[in-house]
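Colleague: Take this structure, written in structure tokens, and hold onto it; I'll ask about it next.
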Amino acid sequence: MSERAREPFVVVGKSVRKVDGVGLVKGKPKFVADVDLSDVLHVRILGSPHAHARIVSIDTSAAERIPGVVAVLTHANTPATRHTTAGQGYPEPSPYDTRMFDTKVRFVGDRVAAVAAETEEAAEKALRALRVTYEELPAVLSIDEARAHGAPVIHDEGDSTGIYDAARNIVADVDIDVGDVGRGFAQSAVTVETTCETQYAQHTPIETHVVHSLLDSDDRLVLRTSTQVPFHARRIVAQTLGIPIQRIRVIKPRVGGGFGAKQEVLLEDIAGWVTLRTGRPAFVCLSRAEEFVAARTRHPMRVRVKLGANADGVLQAIEMEATSNTGAYGAHGLTVLANTGSKTLPLYNKAENAHFYGQAVYTNLPVPGAYRGYGATQGYFPLETAMDELAERLGLDPIELRRRNHIRVGEGSPIFEKLGEGREGVSQTVKSCELERCLAVGAERIGWREKRGTRRREGPWVHGVGMSIMMQGSGIPQIDMAAATIKMNEDGSFNLLVGATDIGTGSDTILAQIAAEVLGVPASRMIVTSSDTDLTPFDVGAYASSTTYVSGMAVERAAGKVREQILSVAAAMCKEPVENLRLLEEHVVGPAARVPLAEVCRRAMYSSEQFQIAATASCVPTESPPPFLASFAEVAVDVETGRVKVVRYVAVADCGVPINPLMAEGQIEGSIVNGLGYALTEEMLLSSTGRVRNPSLFDYKIPGALDVPALDVILVGSYEPTGPMGAKSVGEIGINGPMPTIANAIYDAVGVRLHETPFTPERVLAAIRREAAERCPLA
Amino acid sequence: MASVELTINSVRRTLDAAPGETLLEVLRREGYTGVKRGCGSGDCGACTVLLDGRAVNACLVLAAKANGKEILTIEGLASGDALHPIQEAFLDEGAVQCGYCTPGMILSAYDLLSRNPTPSEGEIRQAISGNLCRCTGYVKQVRAIQAAAERMRSARHE
């Protein structure tokens, strides 16, 4: 713990208003589509009607004759460069299996062609006038079909790279071993095994993917885009279109939610191509239906977990086998698969033997990608279900079983080192963990002791309580990089320039708070400019729960350098040694001095030994401290209809020092409610030909204000010594909770285990009936 | 192109509207971009405006049907620099994350509080049930609307 950290914080730990909040509540034009679009070419994209087909020919002549049509894009006139749409660090761990427009389509909705026209209507009309001849191919519509002997090969193109085994539809393969699980299971007094299968689900940001492109007065391509990864977007567009990075400027305005969907470079290439080819501004915006069909989803997975424990409940062995459906393209295929193990298994480090293995396979179905939780979500459902089963077999309270097994301060896990972001990981020791307190506070709040196992009945409703615990990470160690620049103005205000990408998470605000804390000013004295590749330093972007920890540290360091410069100028001004001075309330304060910051900057700028007070600093984290969370739910199950009502949900989190408590709570509340939808109602329904049957917010049910239970989010304080001001991440972890927590609560209520998701009335009722039939076969 | 006469945020305007064009399209084209588009089918509520004082989805209203009516968009809620109490409360309670659903949510709350100055939590949830938010868990919006109701009541009593 640094000296300063021991002092009480002034700005950090306070729920200051969002720095961009006033503009947002006034509806100021802040998002991509909020500018004058009267001069743009409207771009519409033709999606494939087939799950798997070769494009034999595309006759564009009729479309091109439609008045207002300016360009038709197909595989014949666009670059053929293979790339990945996954916005990851370079070189990306995802395969280069995608081209702008291919000669083959691999899912219903896959890109066939696009039209740029003076009006949306003309573009739509032109799409209908395109004459495409397809040669249909047999389609692969499930994990099992993908793995079947002699299955159709989805990526047979030959020029893709980075695919583990294209001929067998295998995108990625992971297999890591710690100790000897065979021996561990043999030593175990009790073993349990469970297999869970999770569904296709979508992020559904309320703002869909949208890009506005134009040429500036120097003919450089400007992409105003709703992205989580502006710098990766610039690099991937340069690669795809074959133009220098120097010629591209990516600007991220306000973003209407991302959740991982916008860690994907989906439309920037098309908009950029149209603008470069025509010299005209272009506008591409996915409709809600297109967002459902052709944007990204969570990876559906089948995950088997086997646990072995001694009679005291101490885990001896954990085995996890995951099979991930990565759809038609392999974006994030390897890394989401790896995280299914790497973000879950270290939690139970008492097991000396662990085995994680699995594959990600191609199918002719919609394309999954990064989604909040990133594989951990799919891993925690079976892991925490199995822990509940194990507790029952051992006759132990589920909370007590977690207590005997979870990782603690001063401990590590060999998994940290063996399994990283698609490659080996980084060894680390946990330095902050308040899971013990999370469990105690949560159990108390939900009424665990009074309610567990009571099966209280109200008419057809039977009540039960369940729980689960989890961890995530804070950025990707030794891969992620963030930088920040701070410069001082002569009124004592500062410009804070960060590549970090605020997609509604509030990062502009918490980064301003961190800088303000170091510089002894209110957060309102920071002028934040973020995510403009021309103006701000590099940052990988908003993903992997990295921003608070990684970007926050870059900001803290840059502010520290600026602080030193301020103090050295002030030392000369008031003839005091630097050691005697500190920054407080917009002043440099010493034993006999109190100099306003504005005066310090005016001197440096205009009068003596002039220079710009400014600094840039970077951060590449050497570890990824996990935040921890304990989730509890009380549910009521209608045994006549199978309906599940969540009565109360309690989440107790250790995210280190919350830089802005209200915003940290908001991150957990939002991720839990997203997870509640994932557990109970959200499911992309696919037809027998691979078509998404419910591509609307009417038919795909995300939670509204009436669907949300009483929700208690509690932050227990901890201090992460490696983090900026003691902080860890908070953005993703909450979403992992609802599925296992509710499943375990349903079991407590009605004694049935659910292994398929979401827990719709149909599935729950079928499970209740199955269980009744097994118990009493003649009834 | 026909024209419609609308009173938008207390200003009378005559605007072009193509047949079949929605109020959402016309308002956004005229620069009222606080009216957001999230679905175009009345499912998400991001385009909520007040039409003669009642919250509606602007994507479901033909511009021609709004002829002669009064419209309040989020741009018309603050008086200059002075935010409306609902806007203040949304900021103070941390109810804004990405801000995309915020204008619609605030206008639904405005509609509610103009008819019911002392709503229950259930009535608040009902009033914003058509405004989908994917960032928050609605906890802080509900709290903000309760706080705004209180501020508005005490302002009235002063």
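Readers should treat all values here as calculations from the given coordinates under stated rules, not as data from a laboratory. Just so we're clear, the structure is a prediction, and the values are computed from it rather than from any experiment. A quick note on method: Cβ atoms are made from the backbone with ideal geometry, for glycine too, and the neighbour counts reach across all protein chains shown.
Colleague: Of the candidates B:LEU112, B:LEU132, B:LEU91, which one comes out as most mobile in a Gaussian network treatment of chain B with C-alpha springs shorter than 10 Å?
Modeller: Result: B:LEU91 has the largest fluctuation of those listed.
Colleague: Then there's this: Checking the a/c ratio against 1.5 first, then a/b against b/c, what shape does the Cα gyration tensor give for segment A:387-430?
Modeller: Numbers: a/c = 4.98, a/b = 2.15, b/c = 2.32.
Cα axes put segment A:387-430 in the oblate bin.
Colleague: Where Lys and Arg each count +1 and Asp and Glu each count -1, what net charge lies around A:SER530 among other residues with Cβ under 11 Å from its Cβ?
Modeller: Values: positive: A:LYS252, A:ARG254; negative: A:ASP20, A:ASP502, A:ASP508, A:ASP532, A:ASP539.
It works out to a net charge of -3.
Colleague: Now for a separate question. What does the charge dipole of the protein assembly as shown about its Cα centre add up to, to the nearest 20 debye, if the Cβ of each Lys and Arg holds +1 and the Cβ of each Asp and Glu holds -1?
Modeller: Values: 97 positive and 112 negative charges, 178 e Å.
Charge dipole, the protein assembly as shown, about its Cα centre: 860 debye, nearest 20.
Colleague: While we're on this one: Mean residue ellipticity at 222 nm from the helices of chain A, using -39,500 (n - 2.57) per DSSP H segment of n ≥ 4 over the full residue count, to the nearest 500 deg cm²/dmol?
Modeller: On the way: 21 runs with 212 residues, N = 779.
After summing the helix terms and dividing by residue count, I get -8000 deg cm²/dmol.
Colleague: Now a separate question. What is the Cα coordinate range of segment A:33-159 on the first, second and third principal axes, sorted by size from largest, in whole angstrom?
Modeller: Projected onto the principal axes, the Cα atoms of segment A:33-159 cover 52, 37, 23 Å.
Colleague: Something else: How much net charge surrounds A:LYS262 when only the other residues with a Cβ under 13 Å from the Cβ of A:LYS262 are counted, with Lys and Arg +1 and Asp and Glu -1?
Modeller: Working: positive: A:LYS252, A:ARG254, A:ARG296, A:ARG372, B:ARG134; negative: A:GLU207, A:GLU264, A:GLU268, A:GLU291, A:ASP502.
Combined, the nearby Lys, Arg, Asp and Glu give 0.
Colleague: Can you sort A:THR505, A:THR641, A:THR485 so the residue with the fewest Cβ neighbours within 10 Å comes first? Please report the intermediate quantities before stating the final value.
Modeller: On the way: A:THR505 27, A:THR641 13, A:THR485 21.
Exposure proxy ranking, most exposed first: A:THR641, A:THR485, A:THR505.
Colleague: So, one more: Most exposed first by the Cβ proxy, i.e. fewest other Cβ within 10 Å, how do A:VAL647, A:VAL265, A:VAL569, A:VAL555 rank? Write down the numbers at each step before the final one.
Modeller: Numbers: A:VAL647 17, A:VAL265 29, A:VAL569 21, A:VAL555 33.
With the sparsest Cβ surroundings first, the list reads A:VAL647, A:VAL569, A:VAL265, A:VAL555.
Colleague: Take every residue in peptide B:122-131, count the Cβ atoms of other chains within 10 Å of its Cβ, and give the average of those counts.
Modeller: Working: counts 1, 0, 1, 5, 2, 1, 3, 4, 3, 3.
Mean shielding count: 2.
Colleague: Across peptide B:44-50, what mean number of C-beta atoms from other chains lies inside 10 Å of a residue's C-beta?
Modeller: On the way: counts 8, 3, 3, 0, 0, 0, 0.
If you average over the peptide's residues, the count of other-chain Cβ atoms is 2.
Colleague: Report, as an integer, the average count of C-beta atoms from other chains found within 10 Å of each Cβ along A:248-255. Please report the intermediate quantities before stating the final value.
Modeller: Working: counts 0, 0, 0, 0, 0, 0, 3, 3.
The per-residue average across the peptide is 1.
Colleague: Around A:THR81, what is the net charge, scoring Lys/Arg as +1 and Asp/Glu as -1 over all other residues with Cβ under 15 Å from its Cβ? Present the calculation step by step, with values, prior to reporting the outcome.
Modeller: Numbers: positive: A:ARG82, A:ARG99, A:ARG111, A:ARG235; negative: A:GLU92, A:ASP97, A:ASP102, A:GLU157, A:ASP159, A:GLU268, A:ASP269.
Local charge sum for A:THR81: -3.
Colleague: When a footprinting reagent is the concern and you count Cβ atoms within 10 Å, what order do B:THR102, A:THR78 take, fewest first? Walk me through the intermediate numbers first.
Modeller: Details: B:THR102 31, A:THR78 20.
Arranged by neighbour count, lowest to highest, B:THR102, A:THR78 become A:THR78, B:THR102.
Colleague: Taking a ≥ b ≥ c as the square roots of the Cα gyration tensor eigenvalues, with a/c under 1.5 meaning rounded and otherwise prolate when a/b beats b/c, else oblate, which class fits chain A?
Modeller: On the way: a/c = 1.83, a/b = 1.08, b/c = 1.70.
Because a/c hits 1.5 or more and a/b fails to exceed b/c, chain A counts as oblate.
Colleague: At R0 = 41 Å, how high is the FRET efficiency between A:ARG602 and A:PHE9 if r is their beta carbon distance? Nearest 0.05 is fine. Spell out each step's value before the answer.
Modeller: On the way: r = 28 Å, r/R0 = 0.69.
After rounding to 0.05, the efficiency reads 0.90.
Colleague: So how far, in whole Å, is the C-alpha centre of segment A:749-779 from the one of segment A:676-702?
Modeller: Measuring centre to centre over Cα atoms gives 22 Å.
Colleague: To the nearest 20 Debye, how big is the dipole of segment B:2-76 about its Cα centre, given +1 on the beta carbon of each Lys and Arg and -1 on that of each Asp and Glu? Write down the numbers at each step before the final one.
Modeller: Working: 9 positive and 9 negative charges, 15 e Å.
Using Cβ point charges on Lys, Arg, Asp and Glu, segment B:2-76 gives about 80 debye.
Colleague: By its C-alpha gyration tensor, with a ≥ b ≥ c as the square roots of the eigenvalues, how is segment B:2-76 shaped: rounded for a/c under 1.5, else prolate for a/b larger than b/c, else oblate? Present the calculation step by step, with values, prior to reporting the outcome.
Modeller: On the way: a/c = 1.55, a/b = 1.21, b/c = 1.29.
Because a/c hits 1.5 or more and a/b fails to exceed b/c, segment B:2-76 counts as oblate.
Colleague: Holding the Cα-Cα limit at 31 Å, pick out from A:LYS125/B:LYS69; A:LYS561/B:LYS36; A:LYS30/B:LYS69; A:LYS343/B:LYS140; A:LYS701/B:LYS69 the pairs that are longer than that.
Modeller: Values: A:LYS125/B:LYS69 33 Å; A:LYS561/B:LYS36 42 Å; A:LYS30/B:LYS69 28 Å; A:LYS343/B:LYS140 29 Å; A:LYS701/B:LYS69 33 Å.
From the list (A:LYS125/B:LYS69; A:LYS561/B:LYS36; A:LYS30/B:LYS69; A:LYS343/B:LYS140; A:LYS701/B:LYS69), the Cα-Cα distance tops 31 Å for A:LYS125/B:LYS69; A:LYS561/B:LYS36; A:LYS701/B:LYS69.
Colleague: Oh, and also: Going by Cα centres, segment A:166-192 and segment A:561-636 are how many Å apart?
Modeller: One Cα centre to the other: 50 Å.
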